[in-house]
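Take a look at the structure set out below.
The values are calculated or read from the model by the stated rules, or taken from the named source; none is laboratory data. This is a predicted model, so every value here is computed, not measured. All Cβ positions, glycine included, derive from the backbone under ideal geometry; neighbour counts span all protein chains shown.
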Amino acid sequence: MTKQVYKITYPTGKIYIGKDSIGSYRYFGSPDIETVNADFLSLPDERRRDYTVRKQILWESDISTEEELTAMEIKMIREHRSNDPEIGYNRFPPLRNKEQ
């Protein structure tokens, strides 16, 4: 099975980095729905009625372990700073500082 780390970009401009152990192209992760919904409320009505969510595969492997997959997900979260509430929806690992 192909393991993947992916980036979801929402119409709010914020991102979410996630992992998938089976390579399902339909899986879009599980960010905190209340946070995403609150951000959507700040969008204009027409934007909330017609929007696109983008999924990009950042990394994949057919041979990595679950531990390697998790390590790569955390690495990508830190690189993209998606755990910074101003940039993304990841809440783990906690943001250490603005520079990381």
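Okay, here's what the table says:
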quantity: Residue that is more than 15 Å from residue 11 (Cα to Cα) and touching a Pro at 6+ places or on another chain (Cβ under 9 Å), where the choices are 74, 63, 57; calculated: 74
quantity: Any chance residue 39 is closer than 14 Å to residue 14 by Cβ and out of contact with any Ser or Thr (no Cβ under 7 Å at 6 or more places or on another chain); calculated: no
quantity: Scan of the stretch 57-100 for residues that are touching an Asp or Glu at 6+ places or on another chain (Cβ under 8 Å) and surrounded by fewer than 12 Cβ atoms within 10 Å (Cβ to Cβ), ordered by number; calculated: 98
quantity: Members of the stretch 15-68 found to be within 14 Å of residue 3 (Cα to Cα) and among the polar types (S, T, N, Q), listed by number; calculated: 21, 24, 56, 61, 64, 65
quantity: The stretch 31-65, residues that are in contact (Cβ under 8 Å) with a residue 60 or more places away in the chain and under 22 Å from residue 93 (Cβ atoms); calculated: 64
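A quick yes/no check of all residues on (1) surrounded by 15 or more Cβ atoms within 10 Å (Cβ to Cβ); (2) modelled with pLDDT under 95; (3) hydrophobic (A, V, I, L, M, F, W, C); (4) over 16 Å from residue 83 (Cβ atoms):
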| position | (1), (2), (3), (4) |
| --- | --- |
| 1 | no, yes, yes, yes |
| 20 | yes, no, no, yes |
| 25 | no, yes, no, yes |
| 37 | no, no, no, yes |
